[in-house]
Structure formats: structure tokens, C-alpha cells
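The structure appears right after this line, and notes come after that.
The values are calculated or read from the model by the stated rules, or taken from the named source; none is laboratory data. Values in this document were obtained by computation on a predicted structure and should not be read as measured data. Every residue, glycine as well, gets a Cβ built from its backbone with ideal geometry; the counts of neighbours run over all protein chains shown.
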Amino acid sequence: MASTSTSASRQPGSSPGQGQTAPKAPLIAYNNVLVLLPPREVAHRLNPFRAVHDKAGIRWTAHITLLFPFVADSHLQSTLDILRPLVATVKPFKLTLDGVDRFSKPSGDTVHLTAGKKNKEENDNVQRLWKIVSGA
């Protein structure tokens, strides 16, 4: 059985996320998810509504899902080590959630808030963040 060393593809002295071409861990784990969390004060305002109208509202705080499924537990730490410095380069940004949409799943529809379509810069910020984490 062949093994792959992620450190072999890094430049000497570089840390994960700095020009590396390490193999990506497969996104196969349904028990892990990468999310964008709103500021606590926003989540505190949303969570009571979610507790009433979302069967998962009691288990999960308000969030925006970036990647689901995510990596398996065995790859979680190394993936986070790669993502942390990449995400740290993203400046905080404002995001307006001013619409409602839904998507269907076998277990029923999921209703969610949507980002403001009126503000291209806000949408571009979320897309930029998603491209960073999905490309890592």
C-alpha cells in the first residue's frame, strides 16, 4: 500500500496553506460540517425562532453551511490546520439576510434565509470565503 506525505509538497519552512499542493481529504463525513457563524448577538436573536420552527434549532445555533459533508474525523485536524491561516486572511464583512428560500430533502423541506441580492459586495464576500475553503 502506498502512502502520501503532505509535507513533501510544501516549500521548506512553509506552513499549511502557504502554496502547498497537499492532497485534499475527501468530503465524505456527514457527522462534520464547516459553517459560518454569525456574531453571538445575532444568533441569540435568531435561535428562539429556530427553536420553534426548526427541528434542529435546539441542537444547532444559527449558521450558514459552507461545506457539508465535510472531512472525516481522521482528517479533521490536518484540514483545520490548512484552513485556519487561509480563513484568517478574510477580513470581517457584513452580510444582510433579507430573503427566504427552501430546498427539498427526502426528510422534508428546509427553509433558510438568503443573502441580500441587492448588495453584490456582500454576496461576493461569501463566495470568496466559500472558494477559499472549498479549494483548500
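Odds and ends about this structure:
- The set of residues in the range 89-119 being over 24 Å from VAL133 (Cβ atoms) and of a type in the set (Ser, Thr, Tyr) consists of SER104, SER107.
- Flag if ASP81 is closer than 16 Å to ASN32 by Cα, touching a residue at least 60 places away in the same chain (Cβ under 8 Å) and not β-branched (Val, Ile, Thr): yes
- If you go through the range 42-73 and keep only what is under 17 Å from ALA136 (Cβ atoms) and out of contact with any helix residue (DSSP H, G or I) (no Cβ under 7 Å at 6 or more places or on another chain), you end up with THR65, PHE68, PRO69, PHE70, ALA72.
- Scanning the range 24-72 for residues that are closer than 25 Å to GLU122 by Cβ and among the aliphatic types (A, V, I, L, M) yields VAL33, LEU34, VAL35, LEU36, LEU37, VAL42, ALA43, LEU46, ALA62, ILE64, LEU66, LEU67.
- Residue satisfying all of: in the range 101-136; at pLDDT 85 or above and of a type in the set (Asp, Glu); nearest to PRO38 (Cα to Cα) among these: ASP124
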